[in-house]
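Asks: Got a structure for you, questions after.
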Amino acid sequence: MKSTNSRTRPAPRTLIRIGSVRVIRNPLLQGLGNMLRKQPIRMLFLLPFTARHRLDMYFVRTPLDIIVLSEQWQVIEVFTLRPWESRRCDQESRKILELPAGEAQSLGITPGSTLEINATKDI
């Protein structure tokens, strides 16, 4: 009879490279985000302070994957928001990445993954 080990090893850290991301530092543009766009774009919000930020999908036409990141670019939280939904992040952060819905899953982004982001424009 084989013994069962009740301890599980932590999942190995996965590095995921993401290209073509618009970095948004301006608070006004952060508030607008993907609002009124026919097709969403990848956006990284570098927020001015650490908090459990609230995200609102008012006037956003398509669902978005939300990835909450630590200071070390490690994924803390992943969820999808649909148009007109609102949600507060479960974890505190200063970095939030928005992707078109389904992209987080197709890239294999899960909590514990580390992201490497190629910024195309910093505004």
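The values are calculated or read from the model by the stated rules, or taken from the named source; none is laboratory data. As the structure is a prediction and not an experimental result, all values here were calculated from the model. So basically every Cβ, Gly included, is an ideal-geometry build from the backbone, and we count neighbours across all protein chains shown.
Asks: How many residues are part of a loop (DSSP other than H, G, I, E, B) and either within 20 Å of Leu107 (Cβ to Cβ) or modelled with pLDDT under 90 (or both) if we restrict to the stretch 1-32?
Replies: Residues that pass the stated criteria total 14.
Asks: Within the stretch 78-94, can you find the residues that are part of a strand (DSSP E or B) and either touching a helix residue (DSSP H, G or I) at 6+ places or on another chain (Cβ under 7 Å) or farther than 22 Å from Met35 by Cβ (or both)? Spell out how you get there, then give the answer.
Replies: Of the stretch 78-94, the ones part of a strand (DSSP E or B) are 78-81, 86-88, 93-94.
Passing the criteria: only Val78.
Asks: For the stretch 65-76, enumerate the residues that are outside any strand (DSSP E or B) and polar (S, T, N, Q).
Replies: Ser70, Gln72, listed by residue number.
Asks: Being crowded, with 16+ Cβ neighbours inside 10 Å, out of contact with any Cys (no Cβ under 9 Å at 6 or more places or on another chain) and either in contact (Cβ under 8 Å) with a residue 12 or more places away in the chain or not basic (Lys, Arg) (or both): is that true of Pro111 here?
Replies: No.
Asks: Answer with yes or no whether Leu64 is within 17 Å of Gly31 (Cβ to Cβ) and touching a strand residue (DSSP E or B) at 6+ places or on another chain (Cβ under 9 Å).
Replies: For Leu64, the condition - within 17 Å of Gly31 (Cβ to Cβ) and touching a strand residue (DSSP E or B) at 6+ places or on another chain (Cβ under 9 Å) - is met.
Asks: Looking for whichever is part of a strand (DSSP E or B) and either of a type in the set (S, T, N, Q) or in contact with a Lys or Arg (Cβ under 7 Å, 6 or more places away or on another chain) (or both) here; the options are Thr120, Thr62. Which one fits?
Replies: Thr120
Asks: Right, something else. Scan the stretch 33-59 for residues that are among the aromatic types (Phe, Trp, Tyr), part of a loop (DSSP other than H, G, I, E, B) and surrounded by 13 or more Cβ atoms within 10 Å (Cβ to Cβ) and jot them down.
Replies: The one that is among the aromatic types (Phe, Trp, Tyr), part of a loop (DSSP other than H, G, I, E, B) and surrounded by 13 or more Cβ atoms within 10 Å (Cβ to Cβ): Phe59.
Asks: Among (1) assigned to a loop (DSSP other than H, G, I, E, B); (2) closer than 19 Å to His53 by Cβ, which single condition is Leu97 missing?
Replies: Here Leu97 meets the rest and fails (1).
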